[in-house]
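Undergrad: Sharing a structure here in structure tokens format.
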Amino acid sequence: MFEQIAACRSCGSGDLELVLDLGIHALADGLISESQLDAEEPRFPLTVALCTECGLMQIRENVDPEQLFCRDYPYFSSFIPSLLRHSEANVEEIIQERTLGSHSLVFELASNDGYLLQHYKKHGIPVQGIDPAEGPARAAEEKGVPTLNTFFTRELALALRAQGRRADVIHANNVLAHVPDLNGFVAGIATLLKDDGVAVIECPHVHELIRHCEFDTIYHQHHCYFSVTALRPLFQRHGLTLNDVRKLEIHGGSLRLFASHRPGESESVRAVLAEERAAKLDTPEGYHSFGRQVAELRTKLLELLTRLKSEGATIAAYGAAAKGATMINTVGIGTEFVDFVADRNTHKHGRYMPGRHIPIRPAECLLERQPDYTLLLAWNFKDEILAQQAEYRARGGRFIIPVPEPTIV
Ligand SMILES: [Zn+2]
């Protein structure tokens with residue numbers, strides 16, 4: 001079941017202009033088990049629109065949350081070493097800057113398996129995770145990170161506040177795009193945050209998405225694609241100010257935003273706003289070349305894979321994440337090209353990619369089978385994966401990096 005939204009997810013305006021149509025897609029997180037192979041997979045349209053009122057890029061389709069966020073969510077953040085280092089550095093900096101201690105309280109919304117909060121806990125700082133996914137929430141509890149296994153909403157924030165629990169720091173990394181009720185979520189942050197607290201929010205930057213043709217980060221679980229231009233009025237609506245912003249390289253180019261009840265914007269906020277205005281990200285014009293680039297990338301990648309196959313090459317892929325599913329389903333890559341998708345996450349082994357049903361195997365399979373080429377679906381962890389696969393490359397294996405345009409390394 002799905003419905004198409006008629007109004008902007010942030011400001012409620014009806015002025016939504018279509019900027020990209022990616023066709024019909026199976027759910028990108030819906031890995032298929034052996035027994036499900038013959039069953040019909042639910043498929044939904046995937047279209048992207050821009051709100052010409054507030055400048056928020058968003059998909060128009062709302063899939064029933066029961067179908068969208070299955071309880072068997074196989075993503076565990078702790079399987080990604082660079083993500084662990086990234087969070088630890090962030091935590092150390094915040095502890096020092098804000099002189100946190102045993103009197104403080106730190107929340108993380110979508111805390112997954114406690115990959116971030118564990119770094120606070122190490123310093124004796126009380127933490128509280130909130131995450132609706134059962135498996136990761138259980139894993140967090142096992143490592144001593146208390147976790148409420150539920151969705152974060154304004155109602156939950158009010159209940160916590162009524163218990164006298166308010167936050168010195170709220171982390172929300174890569175979750176804002178997932179929430180069905182954007183305004184309720186930000187209102188919840190404003191409710192939970194102490195008067196002098198800070199919310200530290202990370203999300204992919206739509207400017208980088210457009211610039212590097214990262215269309216594969218678009219899928220049904222990602223409702224919104226943020227610019228500072230669009231985030232600023234969203235936070236203001238709930239009494240919060242974006243005081244500061246930093247650009248990060250993670251996930252193909254992200255923003256780390258610092259929001260609080262305190263007024264005042266740093267020079268960095270003004271600078272990013274000016275860049276976004278120059279790129280016309282608040283008007284459909286800024287997105288015109290994006291659609292064309294996606295079509296070109298699709299053609300080039302298909303031509304490359306077809307040529308390599310015709311030359312007798314064997315091809316695998318790496319990274320059975322949601323963006324990999326968007327890539328293979330948009331371009332049309334199935335087992336006629338790719339024999340298997342390698343991934344380090346043991347929870348995914350023995351399952352199949354949604355839509356195209358390519359089997360998922362342990363990362364070691366690259367060395368066991370030594371395919372001639374490996375399509376790097378998880379290009380956002382390129383440096384890390386290329387380093388891990390030094391042996392595969394030394395033996396002559398080559399990687400195909402799909403974005404911003406297909407390149408062999
Ligand atoms: Zn809007």
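The values are calculated or read from the model by the stated rules, or taken from the named source; none is laboratory data. A quick note: this is a predicted structure, and the numbers were derived from the prediction, not measured. Please note: Cβ atoms are built from the backbone with ideal geometry, for glycine as well, and neighbour counts cover all protein chains shown. These area figures cover heavy atoms from the full protein model, side chains too; ligands, DNA and RNA do not enter into them. Shrake-Rupley method; radii C 1.70, N 1.55, O 1.52, S 1.80 Å.
Undergrad: Filtering the range 119-132 down to residues that are outside any strand (DSSP E or B) and within 20 Å of the chain's Cα centre (by Cα), which residue is surrounded by the most Cβ atoms within 10 Å (Cβ to Cβ)? Don't jump to the end; show me each part of the working.
TA: Quick first cut of the range 119-132, residues outside any strand (DSSP E or B) only: 119-126, 131-132.
Subsequent filtering for residues that are within 20 Å of the chain's Cα centre (by Cα) retains 131-132.
Values: Asp131: 27, Pro132: 17.
Among residues in the range 119-132 that are outside any strand (DSSP E or B) and within 20 Å of the chain's Cα centre (by Cα), the one surrounded by the most Cβ atoms within 10 Å (Cβ to Cβ) is Asp131.
Undergrad: Sort through Arg161, Arg237, Arg165, Arg246 and tell me the only one that's open to solvent by 10 Å² or more (accessible area, probe 1.4 Å), more than 28 Å from Arg292 (Cβ to Cβ) and in contact with a strand residue (DSSP E or B) (Cβ under 6 Å, 6 or more places away or on another chain). Spell out the reasoning first.
TA: Details: Arg161 fails: in contact with a strand residue (DSSP E or B) (Cβ under 6 Å, 6 or more places away or on another chain); Arg237 fails: in contact with a strand residue (DSSP E or B) (Cβ under 6 Å, 6 or more places away or on another chain); Arg165 fails: in contact with a strand residue (DSSP E or B) (Cβ under 6 Å, 6 or more places away or on another chain).
None of the others qualify; the one that does is Arg246.
Undergrad: What number goes with the only condition from (1) under 27 Å from Gly324 (Cβ atoms); (2) over 21 Å from the mean Cα position of the chain (by Cα); (3) not polar (S, T, N, Q) that Ala278 does not pass?
TA: So the condition that Ala278 fails would be (1).
Undergrad: Test of understanding: among Ala279, Ala230, which residue is within 16 Å of the ligand (Cβ to nearest atom) and among the small types (Gly, Ala, Ser)? So that I can check it myself, show each step before the final result.
TA: Numbers: Ala279 fails: within 16 Å of the ligand (Cβ to nearest atom).
From the options Ala279, Ala230, the qualifying one is Ala230.
Undergrad: Could you list all residues from the range 136-147 that are buried (at least 17 other Cβ atoms within 10 Å of the Cβ) and of a type outside the set (S, T, N, Q)? Full working, then the answer.
TA: Just the residues of the range 136-147 that are buried (at least 17 other Cβ atoms within 10 Å of the Cβ), to begin with: 136-137, 139-140, 145, 147.
Result: Pro136, Ala137, Ala139, Ala140, Val145.
Undergrad: Which one of these does Gly135 not meet: (1) out of contact with any Phe, Trp or Tyr (no Cβ under 7 Å at 6 or more places or on another chain); (2) assigned to a helix (DSSP H, G or I)?
TA: (1)
Residues are listed down the side, and each one gets a yes or a no for (1) over 17 Å from Pro406 (Cβ atoms); (2) of a type in the set (A, V, I, L, M):
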residue: Ala274; (1), (2): yes, yes
residue: Ala279; (1), (2): yes, yes
residue: Asp282; (1), (2): yes, no
residue: Leu301; (1), (2): no, yes
residue: Leu305; (1), (2): no, yes
residue: Glu311; (1), (2): no, no
residue: Thr314; (1), (2): yes, no
residue: Gly319; (1), (2): no, no
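Undergrad: Going residue by residue through the range 28-44, is there one that turns out to be over 21 Å from Tyr219 (Cβ atoms) and among the β-branched types (Val, Ile, Thr)?
TA: No, that holds for no residue.
Undergrad: For the range 68-85, what are the residues that are open to solvent by 40 Å² or more (accessible area, probe 1.4 Å) and at pLDDT 75 or above?
TA: Pro81, Leu84, Arg85
Undergrad: Of all residues in the range 333-344, how many are surrounded by fewer than 18 Cβ atoms within 10 Å (Cβ to Cβ) and of a type outside the set (Asp, Glu)?
TA: Going through the range 333-344, the residues surrounded by fewer than 18 Cβ atoms within 10 Å (Cβ to Cβ) turn out to be 334-336, 339.
Those still in the list that are of a type outside the set (Asp, Glu) too: 334-335.
Going through the range 333-344 one residue at a time, the tally reaches 2.
Undergrad: Now for a different question. Of everything in the range 1-15 that's open to solvent by less than 40 Å² (accessible area, probe 1.4 Å) and within 7 Å of the ligand (Cβ to nearest atom), which residue is farthest from Phe226 (Cα to Cα)?
TA: Here the residue is Ser13.
Undergrad: Of the residues Leu50, Leu18, Leu46, which single one is open to solvent by less than 10 Å² (accessible area, probe 1.4 Å), touching a strand residue (DSSP E or B) at 6+ places or on another chain (Cβ under 9 Å), over 21 Å from Pro136 (Cα atoms) and within 16 Å of the ligand (Cβ to nearest atom)? Spell out how you get there, then give the answer.
TA: Working: Leu18 fails: open to solvent by less than 10 Å² (accessible area, probe 1.4 Å); Leu46 fails: within 16 Å of the ligand (Cβ to nearest atom).
So the residue among Leu50, Leu18, Leu46 that is open to solvent by less than 10 Å² (accessible area, probe 1.4 Å), touching a strand residue (DSSP E or B) at 6+ places or on another chain (Cβ under 9 Å), over 21 Å from Pro136 (Cα atoms) and within 16 Å of the ligand (Cβ to nearest atom) is Leu50.
Undergrad: Scan Ala26, Ala89, Ala49, Ala39 and give me the residue that is under 27 Å from Leu248 (Cα atoms), at pLDDT below 95 and not basic (Lys, Arg). Write out each step before concluding.
TA: Numbers: Ala26 fails: under 27 Å from Leu248 (Cα atoms); Ala49 fails: at pLDDT below 95; Ala39 fails: under 27 Å from Leu248 (Cα atoms).
That would be Ala89, the only listed residue that is under 27 Å from Leu248 (Cα atoms), at pLDDT below 95 and not basic (Lys, Arg).
Undergrad: Can you tell me which condition Ser35 does not meet? The list is (1) in contact with a His (Cβ under 9 Å, 6 or more places away or on another chain); (2) over 24 Å from Val331 (Cβ atoms); (3) open to solvent by 40 Å² or more (accessible area, probe 1.4 Å); (4) not charged (D, E, K, R), and all the others hold.
TA: The single condition Ser35 does not satisfy is (1).
Undergrad: Please verify whether the range 54-77 includes one or more residues that are within 16 Å of the ligand (Cβ to nearest atom), in a loop (DSSP other than H, G, I, E, B), farther than 16 Å from His222 by Cβ and touching a helix residue (DSSP H, G or I) at 6+ places or on another chain (Cβ under 9 Å).
TA: Within the range 54-77, the first condition is being within 16 Å of the ligand (Cβ to nearest atom), and the residues that meet it are 54-60, 62.
Now restrict to residues that are in a loop (DSSP other than H, G, I, E, B): 54-56, 60.
With farther than 16 Å from His222 by Cβ added as a condition, the list becomes 54-55.
Pick out the ones that are also touching a helix residue (DSSP H, G or I) at 6+ places or on another chain (Cβ under 9 Å) and you get 54-55.
Taking every residue of the range 54-77 in turn, at least one turns out to be within 16 Å of the ligand (Cβ to nearest atom), in a loop (DSSP other than H, G, I, E, B), farther than 16 Å from His222 by Cβ and touching a helix residue (DSSP H, G or I) at 6+ places or on another chain (Cβ under 9 Å).
Undergrad: Further question on the same structure: For Arg292, all conditions in the list (1) of a type outside the set (Val, Ile, Thr); (2) in contact (Cβ under 8 Å) with a residue 24 or more places away in the chain; (3) out of contact with any Phe, Trp or Tyr (no Cβ under 8 Å at 6 or more places or on another chain); (4) in a helix (DSSP H, G or I) hold save one; what is the number of the exception?
TA: (2)
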